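The values are calculated or read from the model by the stated rules, or taken from the named source; none is laboratory data. These numbers come from a predicted model, not from an experiment. Glycine gets a Cβ as well: all are built from the backbone with ideal geometry, and neighbour counts include every protein chain shown.
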């Protein structure tokens, strides 16, 4: 297991999410590819689409079907935050909102609703925030 995946998985689990499949998020490039695919479905179907609906729409991300009714917008926000955390920890030991927004922009993930998500739910990328595991129950819908 790479350090990148270890940090990515650790951040996703700290948010109360099931361990992300290593086959989809095991390296920075795999994570970027997977996040891009999820964003494409959100762009097409809107921020209210669930992970199960996304998979049912023909996504090649079947391994994420177990996430069911979890909002794809929240999950991709968590994944982008975890991407920034894993990248930041691998390189320099941490991530800030600026790191998250920079990484999202650099990878072509920039969406206005994502900026709002990161401002409203800083625990996605900041492990010091209390109750971050409860975020997944808030049902982020825009």
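The table below lists the values:
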read-out: Residue 64 vs. criteria touching a helix residue (DSSP H, G or I) at 6+ places or on another chain (Cβ under 7 Å), in contact (Cβ under 8 Å) with a residue 24 or more places away in the chain and part of a helix (DSSP H, G or I); value: yes
read-out: Scan of region 11-27 for residues that are in a helix (DSSP H, G or I) and in contact (Cβ under 8 Å) with a residue 60 or more places away in the chain, ordered by number; value: 11, 12, 14
read-out: Condition check for residue 69: surrounded by fewer than 20 Cβ atoms within 10 Å (Cβ to Cβ), touching a strand residue (DSSP E or B) at 6+ places or on another chain (Cβ under 7 Å) and in a loop (DSSP other than H, G, I, E, B); value: yes
read-out: Filter pass, residue 47 being at pLDDT below 95 and closer than 26 Å to residue 105 by Cβ; value: yes
read-out: The one condition in (1) touching a residue at least 24 places away in the same chain (Cβ under 8 Å); (2) assigned to a helix (DSSP H, G or I); (3) under 23 Å from residue 7 (Cα atoms) that residue 101 fails to fulfil; value: (1)
read-out: Residue in region 41-61 that is buried (at least 22 other Cβ atoms within 10 Å of the Cβ), assigned to a helix (DSSP H, G or I) and within 11 Å of the chain's Cα centre (by Cα) present; value: no
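Residues are listed down the side, and each one gets a yes or a no for (1) at pLDDT below 80; (2) crowded, with 18+ Cβ neighbours inside 10 Å; (3) touching a strand residue (DSSP E or B) at 6+ places or on another chain (Cβ under 9 Å); (4) under 16 Å from residue 31 (Cα atoms):
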residue	(1), (2), (3), (4)
85	no, yes, no, yes
90	yes, no, no, yes
95	yes, yes, no, no
100	yes, yes, no, yes
110	no, no, no, yes
120	no, no, no, no
128	yes, no, no, no
132	yes, yes, no, no
141	yes, no, yes, no
